[in-house]
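One structure is given below, encoded as structure tokens.
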Amino acid sequence: MKELLDERNQKLWDEISEYYEVEFIDSSNGEYGCYTESKNVVFTINKNNMCKDSFTHEMLHAYLKIHEFYIGNSIYLTLSGSKLFSSILSPLLIDHIGNCLDHIKMLPLYLELGFERQKFIQDYFEYKCTTEELRNFEKSYRTGKKINLEAVDPYIGRLVAILCDPNDKFNYSNELKRLRKVDDLLYRIIERLINHTKEIKLVDRKPFEDCYRTVSGNFYNNLKVWATQNKLTA
């Protein structure tokens, strides 16, 4: 443990280890990970690359659960009750959305602890959209007024990846402008989902203030409006 802790993340570790029964397993692919269930947490670590930054990232995932932020699971449960949305939005996409929304809450905490932005995620230096992807959306997302439902999942996934990218050196203004033209309403729904997530308090939240359930509920209601306006069917 000494290789994974220092004065920056010791307090965070103390909170994690006080709340959870902690288990460590060695990574099979070199990546760090975190799995929580009730008051148990399993951290996957790379014993050949003991990285404080990566471990702190995973501890922050667990920290969110301590403070009752379950956005990914809430979105999954909310959308799984819809025949339409569960058919066009894959579990992989919903997992991606939940992970990115977690990152939205984690990044400010990570930086406040004194860790380097560049080490927040493994693909930090990877540009999150290609010219070919944009052209495919512009070409195949709609046929006349009809939306190609198979394109909705990758469209949302790409948009979320861009809007949640922690690399503040990338300029996505052109890509976002073109993606918004593809589906203005859905673009605004995803943008609102992310901004609403940013507004949620992790500590000192009053009972009348929004929480992760409010975010997922509003997201679902906004998607219903989008589906109605586009006359979608499963």
Open item on the list: For a test of the definition: using alpha carbon positions, the gyration tensor, and the 1.5 limit on a/c, classify segment 152-227 as rounded, prolate or oblate.
Closed with: oblate
Open item on the list: Using all alpha carbons of segment 98-234, what is the percent of pairwise distances in each 5 Å bin, ordered from the shortest bin to the longest?
Closed with: 2, 8, 17, 19, 18, 15, 10, 6, 3, 1, 0
- [ ] Among the lysines, select those whose C-alpha is under 27 Å from the C-alpha of residue 231, and discard any that sit fewer than 8 residues away in the same chain.
- [x] 83, 139, 145, 146, 177, 181
Open item on the list: What's the ranking of 218-228, 127-137 by average number of surrounding C-beta atoms within 10 Å, highest first?
Closed with: 218-228, 127-137
Task: Phi to ³J(HN,Hα) by Karplus 6.51 cos²θ - 1.76 cosθ + 1.60 over segment 53-64, Hz, x for Gly, Pro - done: 4, 5, 5, 5, 3, 5, 4, 5, 4, 5, 4, 4
Open item on the list: For segment 106-153, what does the accessible surface come to per residue with a 1.4 Å probe? Please give it in Å².
Closed with: 67
TODO: Using a Gaussian network model of the chain whose springs link C-alpha atoms within less than 10 Å, name the residue from 30, 72, 98 with the highest mean-square fluctuation.
DONE: 30
- [ ] Could you look at the chain and say what percent of its accessible area is carbon and sulfur, using a 1.4 Å probe and all protein chains?
- [x] 47
Open item on the list: Cut-off 10 angstrom, C-alpha nodes, Gaussian network model of the chain. Which of 120, 24, 55 fluctuates the most?
Closed with: 24
Open item on the list: From Cα pairs below 8 angstrom and at least 6 apart in sequence, can you work out the relative contact order of the chain, rounded to a whole percent?
Closed with: 20
TODO: In whole Hz, with x marking every Gly and Pro, tabulate ³J(HN,Hα) for segment 23-31 from phi via Karplus 6.51 cos²θ - 1.76 cosθ + 1.60, θ = phi - 60°.
DONE: 10, 10, 10, 7, 6, 8, 10, x, 9
- [ ] Report the net charge of residues surrounding residue 35, where surrounding means a beta-carbon distance below 12 angstrom and charges are Lys +1, Arg +1, Asp -1, Glu -1.
- [x] -2
Task: Per-pair calculated FRET efficiency, R0 = 41 Å: residue 169 and residue 19 via Cβ, rounded to 0.05 - done: 0.70
Task: Heavy atoms of residue 123 accessible to a 1.4 Å probe, total area in Å² rounded to 10 - done: 60
Open item on the list: Sequence gap at least 6, Cα distance under 8 Å: using those rules, report the relative contact order of segment 1-89 to the nearest whole percent.
Closed with: 25
Open item on the list: Going by Cα centres, segment 1-71 and segment 74-113 are how many Å apart?
Closed with: 20
Open item on the list: Just to be sure I understand, if you calculate mean projected area of the Cα convex hull in nm² for this structure, which of (1) 13.2; (2) 18.8; (3) 13.9 do you get?
Closed with: (3)
TODO: Measure nothing fancy, just the Cα-based angle from helix 212-229's long axis to the longest principal axis of the chain, in degrees from 0 to 90, nearest 10.
DONE: 20
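The values are calculated or read from the model by the stated rules, or taken from the named source; none is laboratory data. Since this is a predicted model, take the numbers as computed values, not measurements. Cβ sites come from the backbone with ideal geometry, for glycine too, and all protein chains shown count toward neighbours. Just so you know, the surface numbers come from the protein's heavy atoms only, side chains and all, with ligands and any DNA or RNA stripped out. Shrake-Rupley method; radii C 1.70, N 1.55, O 1.52, S 1.80 Å.
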